[in-house]
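The block underneath contains the structure these notes are about, expressed in structure tokens.
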Amino acid sequence: MKLQVAIDLLTTEAALELAGKVAEHVDIIELGTPLIKAEGLSVITAVKNAHPDKIVFADMKTMDAGELEADIAFKAGADLVTVLGSADASTIAGAVKAAKAHNKGVVVDLIGIEDKATRAQEVRALGAKFVEMHAGLDEQAKPGFDLNGLLAAGEKARVPFSVAGGVKLDTIAAVQKAGAEVAVAGGAIYGAADPAAAAKDLRAAIK
């Protein structure tokens, strides 16, 4: 299982600083949607230039103009881009077309999708590299939230998937047991007093 750090900071400088601290312990560096909106596509280029050996994941959350938005992110240096699972099939297919042209990949983010397992199978058929079983920050803040729903959907879908939303040291073993290809940790790393140590501990917890 790969480890992905989600960088939900708001400046290129802060993103580069965090990436520099944790890169040796992670496989994928994700640039969060707020970061890309705040800094533009240049943050993708900056991080890819700083860490050319890492997979750079641009969380574009594209909902329309799939081919165009994916193309500009790939040209900026992204290896993976996200399209929302609620987008039209033509939008996902367009992004996949751009990915094939660049030899890159599309991840379909299932945030807000009720029946994640069914939609996962549908978008995988459209060419998604993998799907992201994702609970957003707002959903995680609700009373009673836990990862079990995401893990169950991943197990049921039987397609390659990642898990994002509440991945931390005491849940990462369950994420791996569910069969996830990627565990996405955000706050558990960037919110830690020592992000490098937090990333190292998460990496060590992956069997």
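The values are calculated or read from the model by the stated rules, or taken from the named source; none is laboratory data. Small disclaimer: the values here were computed from a predicted structure and weren't measured. Because the Cβ atoms are built from the backbone with ideal geometry, glycine has one as well, and the counts that use them run over all protein chains shown. Accessible surface is based on the protein model in full, side chains and every heavy atom, while ligands, DNA and RNA are left aside. Shrake-Rupley method; radii C 1.70, N 1.55, O 1.52, S 1.80 Å.
Here are the numbers for the structure shown:
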| read-out | value |
| --- | --- |
| Segment 73-172 - charge dipole about Cα centre, Lys and Arg +1 at Cβ, Asp and Glu -1, debye rounded to 20 | 500 debye |
| Accessible area per residue, Å², segment 37-132 with all protein chains present, probe 1.4 Å | 44 Å² |
| Under 19 Å from Lys104, Cα to Cα: lysines that are on another chain or at least 8 residues apart | Lys2, Lys48, Lys54, Lys61, Lys75, Lys129 |
| Hull-based mean projected area of segment 99-175, where the convex hull spans the alpha carbons, in square nanometres | 5.7 nm² |
| Gain upon complete extension [Lys177, Asp88; 0.36 nm per residue less C-alpha separation] | 28.9 nm |
| Extension gain (nm, one decimal) between Lys207 and Leu169, 0.36 nm per residue minus Cα-Cα | 12.4 nm |
| Value of Rg to Rh for the chain (Rh from inverse mean 1/r over Cα pairs, i.e. Kirkwood) | 0.94 |
| Relative contact order of segment 7-62, defined on C-alpha pairs under 8 angstrom at six or more residues apart (%) | 42 percent |
| Shape of segment 1-83, Cα gyration tensor, a/c cut at 1.5 | prolate |
| Highest-fluctuation residue, Gly112, Gly66, Gly32 considered, GNM on the chain with Cα pairs under 10 Å | Gly112 |
| Cα centroid separation - segment 118-133 against segment 87-117, whole Å | 7 Å |
| Distance between modelled label sites at Asp146 and Lys75, nm, 7 Å Cα→Cβ extension | 4.8 nm |
| Relative contact order, percent, segment 91-197 [alpha-carbon distance under 8 Å, six or more residues apart] | 21 percent |
| Cα-centre dipole for segment 1-139 with unit charges at Cβ (Lys and Arg positive, Asp and Glu negative), debye to 20 | 500 debye |
| Value of relative contact order over the chain, rounded to a whole percent, pairs C-alpha under 8 Å and six or more apart | 19 percent |
| Proximal aspartates and glutamates to Lys168, defined as alpha-carbon separation beneath 15 angstrom and excluding residues fewer than eight positions away on the same chain | Asp146, Asp194, Asp201 |
